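**Student:** Supplied in structure tokens, the structure appears directly below.
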Amino acid sequence: NAGVTQTPKFRVLKTGQSMTLLCAQDMNHEYMYWYRQDPGMGLRLIHYSVGEGTTAKGEVPDGYNVSRLKKQNFLLGLESAAPSQTSVYFCASSYSVSPEQFFGPGTRLTVL
Amino acid sequence: GQQLNQSPQSMFIQEGEDVSMNCTSSSIFNTWLWYKQEPGEGPVLLIALYKAGELTSNGRLTAQFGITRKDSFLNISASIPSDVGIYFCAGPGEYNFNKFYFGSGTKLNVKP
């Protein structure tokens, strides 16, 4: 099993550009999450999904959109990137009956 | 959102020493999770606690769920160089099981 994978690993964007980060999991988990991690801070929840076709806002959702068209994939979109969105983005997944989340390796995004 | 305060922020210790760190919250948590993150990787779950007063071990690691449900503690005994990393406490929100909050982390450095 690959677990949770994230694509791409690194990306540099200019202000105003758009992009999509892909998260895939092969553990048949119902729940998936997107977090951002900034220096000296813990992870903050952006959006999450409790099942295919459903999404919900987390702690810091502004400037991001998500979609969960397939159970194994969770996409995070930035429509118009801003320098404040420079961060490391982590995807995670879990079974619905467990709070234990499994994390991907992260995507380092820089917005110039 | 719910705040989790971790202390200390960083520690420099000698190999073989024991380590203690803690996490406090302004509100009640029903589950406490402890994660370790190594450079360039996503967090990995170490220990999960589900009941006030619970004491759980995972090898040299021991974690406790505080009686007040507003704190948790992690101890590492006889530290080794591979213990280096950032340790995060985390837990689901009191009113929304799907919204997870993370502490800002304790960075551990171990001198051989």
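**Student:** Return the long-range amide H neighbours of A:Leu13 (sequence gap of 5 or more, or a different chain), with a cut-off of under 5 Å between placed amide H atoms.
**Tutor:** Long-range HN contacts for A:Leu13: A:Thr110, A:Val111, A:Leu112.
**Student:** Next question, about the same structure. Output wanted: per-residue J couplings in Hz (rounded whole) for segment A:95-112, from phi through Karplus 6.51 cos²θ - 1.76 cosθ + 1.60, θ = phi - 60°, x for Gly and Pro.
**Tutor:** The phi angles translate into 6, 5, 8, 10, x, 7, 9, 10, 9, x, x, x, 10, 8, 10, 10, 10, 8 Hz.
**Student:** Another question, then. For chain A, with the dipole built from +1 on Lys and Arg beta-carbon atoms and -1 on Asp and Glu ones, taken about the Cα centre, which of A:Ser96, A:Tyr31, A:Leu75 lies farthest toward the positive end?
**Tutor:** A:Leu75
**Student:** Residues with amide H under 5 Å of B:Lys99's amide H, sequence separation 5 or more or different chain, H placed in the peptide plane at 1.01 Å from N; which?
**Tutor:** It is B:Gly93, by chain and number.
**Student:** Leaving ligands, DNA and RNA out of it, rank B:Asp18, A:Asp26, A:Asp62 by accessible area with a 1.4 Å probe, largest first.
**Tutor:** A:Asp62, B:Asp18, A:Asp26
**Student:** I need the semi-axes of the equivalent ellipsoid of chain A: take the C-alpha gyration tensor, multiply each eigenvalue by 5, square-root it, list largest first in whole angstrom.
**Tutor:** Equivalent ellipsoid of chain A: 22, 14, 13 Å, largest first.
**Student:** Still on this model: Per the Debye formula with a single identical scatterer at each Cα and no solvent contribution, what log10 I(q)/I(0) holds for segment B:8-80 at q = 0.12, 0.13, 0.18, 0.28 Å⁻¹?
**Tutor:** Here log10 of I(q) over I(0) equals -0.34, -0.40, -0.75, -1.33.
**Student:** Whole-Hz ³J(HN,Hα) for each residue in segment A:70-85, computed from phi via Karplus 6.51 cos²θ - 1.76 cosθ + 1.60 with θ = phi - 60°, x for glycine and proline: what do you get?
**Tutor:** Running phi through 6.51 cos²θ - 1.76 cosθ + 1.60 with θ = phi - 60° gives 10, 4, 8, 10, 9, 9, 10, x, 10, 7, 9, 5, 10, x, 5, 8 Hz.
**Student:** Right, another one. Could you compute the net charge surrounding A:Gly58? Neighbours are other residues with a C-beta less than 13 Å from the C-beta of A:Gly58; K and R count +1, D and E count -1.
**Tutor:** Net charge around A:Gly58: +2.
**Student:** Ranked by accessible surface with a 1.4 Å probe, highest first, in what order do A:Phe103, A:Phe10, A:Phe74 come?
**Tutor:** A:Phe10, A:Phe103, A:Phe74
**Student:** Also: How big is the accessible area of B:Val84 in square angstrom, nearest 10, if you roll a 1.4 angstrom probe over the protein chains?
**Tutor:** Accessible surface of B:Val84 is approximately 50 Å².
**Student:** Then there is this: For the protein assembly as shown, with equal point scatterers placed on the C-alpha atoms only and solvent neglected, what are the log10 I(q)/I(0) values from the Debye formula at q = 0.11 1/Å, to two decimals?
**Tutor:** -0.54
**Student:** Can you list residues from other chains, or at least 5 along the same chain, whose modelled amide H is less than 5 Å from the amide H of B:Gly66?
**Tutor:** It is B:Gly53, B:Asp71, B:Ser72, B:Phe73, by chain and number.
**Student:** Mind checking segment A:1-90 for GluC sites (Glu not before Pro) that DSSP puts in a loop (not H, G, I, E or B) and that have at most 12 other Cβ atoms within 10 Å?
**Tutor:** Listed in order of number, the matching sites are A:Glu79.
**Student:** Could you work out the relative contact order of chain A, using alpha carbon pairs under 8 angstrom and six or more residues apart, expressed as a whole percent?
**Tutor:** 36 percent
**Student:** Would you tally the net charge around A:Asp26, using a Cβ to Cβ cut-off of less than 14 Å, leaving A:Asp26 out, and scoring K and R as +1, D and E as -1?
**Tutor:** Counting the neighbours of A:Asp26, the net charge comes to +1.
The values are calculated or read from the model by the stated rules, or taken from the named source; none is laboratory data. In this text the structure is predicted, and so the values were computed from the model without any measurement. Counting neighbours? That spans all protein chains shown, and the Cβs are built from the backbone with ideal geometry, glycine included. What goes into the accessible areas is simple: the full protein's heavy atoms, side chains included, and nothing from ligands, DNA or RNA. Shrake-Rupley method; radii C 1.70, N 1.55, O 1.52, S 1.80 Å.
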